[in-house]
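Novice: One structure is given below, represented as structure tokens, and several questions about it will come after.
The values are calculated or read from the model by the stated rules, or taken from the named source; none is laboratory data. For clarity, every value in this text was computed on a predicted model and none was experimentally measured. No Cβ is skipped: glycine too gets one built from the backbone with ideal geometry, and neighbour counts run over all protein chains shown. Protein only, heavy atoms only, side chains kept; ligands, DNA and RNA dropped before computing areas. Shrake-Rupley method; radii C 1.70, N 1.55, O 1.52, S 1.80 Å.
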Amino acid sequence: MPSDALVLGFDTSAAHCAAALVSGNRVLAQAQEDMARGQAERLMPLLEQVLAEGGAQWSDLSGIGVGIGPGNFTGIRISVAAARGLSLGLGVPALGVSVFEARAHGLPRPLYVVEDARRGMVYVQEFGVIAKAPLLLDLSDIGFAIDAPLVGTAAEMAADRLGLPILFPAAPVAVAIAQIAASRLGTPHPRPAPLYLRAPDAAPSNDPGPVMLS
């Protein structure tokens, strides 16, 4: 796969709608809008906007990168469904990237990604020579084996308990997703699927699904 391949990455796993267009190490365009609801309606127009700002068209893309969570159940489903539809419609691969991978992207290892899972819980994944399986933990149990810098939405909260240094992401989440996806083009990969580490809190949203390409 050419090193300048165009990859569009996006994420709606949290209270935002984020997208980025990359070509190799260059970030051609990016946008992020904070929103608790409405990602289904906003995602495709935002992707169109990012493509236009990056001087590209759908047919120019070599791949799609999508955030698969963990996070908001409805938001994850919106992005994964959109990525699968775009992959099918455009004939390009879609690659799923976890929030953990996006947070750790470009940072020195070892480190721990610690994400807020609400209700006193956190998602944790260790990145050393290899990445270990992610866990859902009670915040009070987080110090059982953590001995490296922390990054993520719950890093500061966890660091207060553990006395460990905090790192900051090297790139916005959509940029990291696009760059990671670009690095994996041409390698075997499964179809994007949601990464769920806990049961849903409520029934699925009645928000309409994303508009797919015909």
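Novice: Rounded to the nearest 5, what is the percent of antiparallel bridges among the DSSP beta bridges in the chain?
Specialist: 70
Novice: As a check on your grasp of the helix formula, calculate [θ] at 222 nm for the chain: sum -39500 (n - 2.57) over DSSP H runs of n ≥ 4, divide by the residue count, round to the nearest 500.
Specialist: -8500 deg cm²/dmol
Novice: Within the chain, what whole-number % of the accessible surface is contributed by carbon and sulfur, with the 1.4 Å probe and all protein chains included in the calculation?
Specialist: Percent of accessible area from carbon and sulfur atoms in the chain: 54.
Novice: Quick one: pull the percentage of alpha-carbon pairs in the stretch 101-170 with a separation above 20 Å.
Specialist: 16
Novice: While we're on this one: Using a 1.4 angstrom probe on the protein heavy atoms only, line up THR12, THR74 by accessible area, largest first.
Specialist: Ranked list, largest accessible area first: THR74, THR12.
Novice: So what's the angle, to the nearest 10 degrees on a 0 to 90 scale, between helix 73-90 and the longest Cα principal axis of the chain?
Specialist: Here the helix axis deviates by roughly 30 degrees.
Novice: For the stretch 1-119, what does the equivalent ellipsoid look like in terms of its semi-axes, each the square root of 5 times an eigenvalue of the Cα gyration tensor, given largest first in whole Å?
Specialist: 22, 18, 13
Novice: Would you work out the Kirkwood radius for the chain? I mean one over the mean of 1/r across all pairs of different Cα atoms, in Å.
Specialist: Every distinct Cα pair counted, the radius reaches 17.4 Å.
Novice: Still on this model: Measure out, as a whole number of angstrom, how far apart the alpha-carbon centroids of the stretch 1-33 and the stretch 44-95 sit.
Specialist: The two parts, judged by their Cα centres, are 9 Å apart.
Novice: Follow-up question, since we're still on this one. Over the stretch 3-113, what is the percentage of antiparallel beta bridges among all DSSP beta bridges, to the nearest 5?
Specialist: Percentage antiparallel, nearest 5: 65.
Novice: Let me ask you something else. If packing is taken as the average count of other Cβ atoms within 10 Å, what order do 184-197, 122-135, 59-72 fall into, highest mean first?
Specialist: 59-72, 122-135, 184-197
Novice: How much accessible area per residue does the chain have, counting only protein heavy atoms and a probe of 1.4 Å, in square angstrom?
Specialist: Normalised by residue count, the accessible surface of the chain is 47 Å².
Novice: Report the relative contact order of the stretch 1-93, percent, no decimals, based on alpha-carbon pairs under 8 angstrom and at least 6 residues apart.
Specialist: That works out to 32 percent.
Novice: Shifting gears a bit: Can you put LEU167, LEU111 in order of accessible area, largest first, using a 1.4 Å probe?
Specialist: Ranking LEU167, LEU111 by accessible area, largest first, yields LEU167, LEU111.
Novice: With N set to the number of residues, divide the alpha-carbon radius of gyration of the stretch 91-131 by 2.2 N^0.38 Å and report two decimals.
Specialist: 1.41
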